[in-house]
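Written below as structure tokens is the structure these notes are about.
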Amino acid sequence: MSPPGAPASLPLTGMPADDVVRLDGVRRTFGDVVALDGLSLRVAPGTVTVLLGPNGAGKTTAVRMITGALPPEHGTVAVFGLDPTVDGENVRRRCGVVSARSALYDRLSGYDNLRYSAELYGLGPSAPIEASAARFGIDAALSLRVGGYSTGMKTRLALARAVLHDPDLLLLDEPTSGLDPESSHAVLRLIDEMAADGKTVVMCTHLLLEAEGLADQVVMLEAGRDLVSGSPEELVARYWPHPTVAVDAENREALDAAAGAPGVLGYERNGAGAVVTVDDLSRVPDLVAGLVAVGARLRRVTPHEPTLEELYFAVRRRSADVGEEP
Amino acid sequence: MNRRRILTVARTDLRQLRQSPDFWVPMMILAGFFFVVAPAVLLSLITAAETSPAIQRVATAVDVLPSAARAAVEGKTSDAAGQTSYALAVYLFAPLAVIVPMTISTAVGANTLVGEKERGTGEFLAHSPASDRELYLGKLIASLVPGYLTTMVGFGVYSLIVNLIVGPRVGGWFFPTSEWWVLMVWVVPPFLALTLSVVLRLSARVKSSAAAQQASGLVTLPLIMVSYAQSSGFIFGTTASGIGIGLLVWVAAAVGLARGARAVTRPRLLGIDGRL
């Protein structure tokens, strides 16, 4: 939904209109600390982008740049083709933000918190306050003071507030930190729903499991720089160019025979058996036959899909190697 | 600039204030003491015990008033207790009408921006469509209203008390005088605005509410003293001098507010001021 009156200015020169978010060489320091160090980022419309990185990687600063809450010292930021430091109001009207801290007014009721947001976004008396609260199962507590809410209730209210004005771009900064499973699920469900509605989502997290299966694009940040970015499939293909197979047996030591089998490029024992890298999946039947021949009592042979966590650590390991680009 | 958004910010801040009895109860006690208890007790004692030697000594205070004020007092009644209570009602307690609201507005204003930082709600405002200027004006209104409301309500109650206690001794209702009207309507508001322009700038810059209270106390105390002195002098002077003083303070307030508006920025709402 485009809010009334937006946008007021023309798209920035040279900015493709189809990128919802575009950061080019953005740098921002706080005193001696470099929060963002030449970060570049593209977010296509209707996609879910996950910014991964440890604490202090620059994820929150990136979100603040996107809404224009913080101006960059160097580089350019364009959101919906607008410069948020110039057209901040028009950009922010189309953004919904859930911060790491719920940023709610504890002395006010849940209803008053939503009403405040509705009025700031110019929604008028027909603002869907109850409906938005009901969407996250917090409608029964709307009349209570937020100071008495649990962490999960606060996050759900913050989610209701973020989507109250039906934003085109949803920015989630560590939205599931410290949440119970039910509230975490509400966050992930929202992301799914937003993506299904064709909205654009940018989520910062250092919890890799929650990003699994959600992301169209993964951007890994470290020390304010993007170490690597791309779709999960692209990144997996880049870091694991050959297929891998997870195998397990009752007698795991017998699996070691796989290391010398034809077509095996890598072999690694782990707590669940072993991961075998082969040059082609067509090698697997022969591999299995070979293992059985040496007495392995196989329990499991499955294609191994690297998780985001494995990807994350693979990128970090490679980035730590001196002189090697991830 | 969106006027509705400014009022939304102000209204929400005032709503939070209303929900905070730990803040407004002490302020009510302060206002009640200066506007009700102190004048009621003192004026009742004076009017009831006119022959006491202590009252006679207080009556000599009339002699130190400027000649115009002394003439006004002596024109009201010839008895010493009546003159003393009239002088106290009109000239002693008047400047309190400036100090009490300024104290209240300063307390509200000192917390208003730094409080957003401390609670983390500055993040919400920083990502909202409201402009820095709209946020500033909303916060300013929210800080001005409690102070000015206190002035008007306190002034009304005070008028009732002094007229009921002193009125019978000086030939009927005498309060408010024309100087008082000018003070309340024309002089107090710009003093409030001027003080808040300083307080809000401090509130935007400091890191904690405690620091804001300390710093604003330090900076606004001289301003309160100046406003007290000006108000006292004006009460002893003429209506025209009050209008002149008010005009000067309005100009100073306008300059202060324009400068103060620049102090409210989104990085500061986020608790970032060039440093982490």
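The values are calculated or read from the model by the stated rules, or taken from the named source; none is laboratory data. Not measured: the values here are computed from a predicted model. In this analysis, Cβ positions are derived from the backbone assuming ideal geometry, glycine residues included, and neighbour counts consider all displayed protein chains.
From the set of residues in the stretch A:113-135 that are at the interface with chain B (Cβ under 10 Å from one of its Cβ atoms) and surrounded by 21 or more Cβ atoms within 10 Å (Cβ to Cβ), which is nearest to A:Leu179 (Cα to Cα)?
My answer is A:Asn113.
Read through the list (1) away from chain A (no Cβ under 14 Å); (2) closer than 28 Å to A:Ala162 by Cα; (3) among the hydroxyl-bearing types (Ser, Thr, Tyr), then give the number of the only condition that B:Thr112 fails.
Exception for B:Thr112: condition (1).
Give just the number: which of (1) touching a Gly at 6+ places or on another chain (Cβ under 9 Å); (2) under 30 Å from A:Gly75 (Cα atoms); (3) surrounded by fewer than 19 Cβ atoms within 10 Å (Cβ to Cβ) does A:Pro232 not satisfy?
Only one criterion in (1) touching a Gly at 6+ places or on another chain (Cβ under 9 Å); (2) under 30 Å from A:Gly75 (Cα atoms); (3) surrounded by fewer than 19 Cβ atoms within 10 Å (Cβ to Cβ) is unmet by A:Pro232, namely (3).
Could you say whether any residue in the stretch A:154-169 is within 13 Å of another protein chain (Cβ to nearest Cβ) and surrounded by fewer than 19 Cβ atoms within 10 Å (Cβ to Cβ)?
Checked against the condition, which is being within 13 Å of another protein chain (Cβ to nearest Cβ) and surrounded by fewer than 19 Cβ atoms within 10 Å (Cβ to Cβ), the stretch A:154-169 yields no hits at all.
Does A:Leu70 fit the bill of being hydrophobic (A, V, I, L, M, F, W, C), more than 24 Å from the chain's Cα centre (by Cα) and buried (at least 21 other Cβ atoms within 10 Å of the Cβ)?
In short, no.
Just name the residue that is farthest from B:Ile272 (Cα to Cα) out of those in the stretch A:27-40 that are buried (at least 23 other Cβ atoms within 10 Å of the Cβ) and more than 9 Å from chain B (Cβ to nearest Cβ).
If we take residues in the stretch A:27-40 being buried (at least 23 other Cβ atoms within 10 Å of the Cβ) and more than 9 Å from chain B (Cβ to nearest Cβ), then A:Leu39 is farthest from B:Ile272 (Cα to Cα).
Say we look at the stretch A:62-73 and pick out the residues that are over 13 Å from A:Leu41 (Cα atoms) and in a helix (DSSP H, G or I); which of these is nearest to the other protein chains (Cβ to nearest Cβ)?
To start, the set of residues in the stretch A:62-73 that are over 13 Å from A:Leu41 (Cα atoms) comprises A:64, A:67-73.
Among the residues that remain, those that are also in a helix (DSSP H, G or I) are: A:64, A:67.
Working: A:Arg64: 7, A:Thr67: 5 Å.
Looking at residues that are over 13 Å from A:Leu41 (Cα atoms) and in a helix (DSSP H, G or I), I get A:Thr67.
When residues of the stretch B:193-222 are filtered for being surrounded by fewer than 23 Cβ atoms within 10 Å (Cβ to Cβ), at pLDDT below 80 and under 30 Å from B:Gly242 (Cβ atoms), how many remain?
5
Residues of the stretch A:144-176 being assigned to a loop (DSSP other than H, G, I, E, B), over 23 Å from A:Gly53 (Cα atoms) and among the charged types (D, E, K, R), which ones?
Answer for the stretch A:144-176, where residues must be assigned to a loop (DSSP other than H, G, I, E, B), over 23 Å from A:Gly53 (Cα atoms) and among the charged types (D, E, K, R): A:Asp166, A:Asp168.
Go through the residues of the stretch A:74-82 one by one and say whether even a single one is within 11 Å of chain B (Cβ to nearest Cβ) and either touching a residue at least 24 places away in the same chain (Cβ under 8 Å) or of a type outside the set (A, V, I, L, M, F, W, C) (or both).
No, that holds for no residue.
Return the residues of the stretch A:304-317 that are free of Cβ contacts under 8 Å to residues at least 24 places away in the same chain and among the charged types (D, E, K, R); say none if nothing qualifies.
A:Glu310, A:Arg317, listed by residue number.
Those residues that are in a loop (DSSP other than H, G, I, E, B), out of contact with any helix residue (DSSP H, G or I) (no Cβ under 8 Å at 6 or more places or on another chain) and not charged (D, E, K, R), I need them from the stretch A:16-52; list them, please. Even if it seems obvious, please write down each step before you answer.
Going through the stretch A:16-52, the residues in a loop (DSSP other than H, G, I, E, B) turn out to be A:16-20, A:31-32, A:44-47.
Those left that are additionally out of contact with any helix residue (DSSP H, G or I) (no Cβ under 8 Å at 6 or more places or on another chain): A:16-20, A:31-32, A:44-45.
Within the stretch A:16-52, A:Pro16, A:Ala17, A:Val20, A:Gly31, A:Ala44, A:Pro45 qualify.
Counting only residues that are modelled with pLDDT under 75 and assigned to a helix (DSSP H, G or I), which one in the stretch B:81-110 is farthest from the chain's Cα centre (by Cα)?
B:Leu96
Quick one: which strands (runs of 3 or more DSSP E) lie wholly within the stretch A:224-290 and hold at least 2 residues that are at pLDDT 90 or above? Step through it out loud before you land on a result.
Numbers: elements: A:225-230, A:244-249, A:264-270, A:273-278.
Here the list reads A:244-249, A:264-270, A:273-278.
When you scan the stretch B:1-21, how many residues do you find that are surrounded by 19 or more Cβ atoms within 10 Å (Cβ to Cβ) and either facing chain A (nearest Cβ under 7 Å) or out of contact with any helix residue (DSSP H, G or I) (no Cβ under 7 Å at 6 or more places or on another chain) (or both)?
Of the residues in that region, 4 qualify.
Residues being under 25 Å from B:Leu269 (Cα atoms) and surrounded by fewer than 23 Cβ atoms within 10 Å (Cβ to Cβ): count how many of those fall in the stretch A:41-60.
Going through the stretch A:41-60 one residue at a time, the tally reaches 4.
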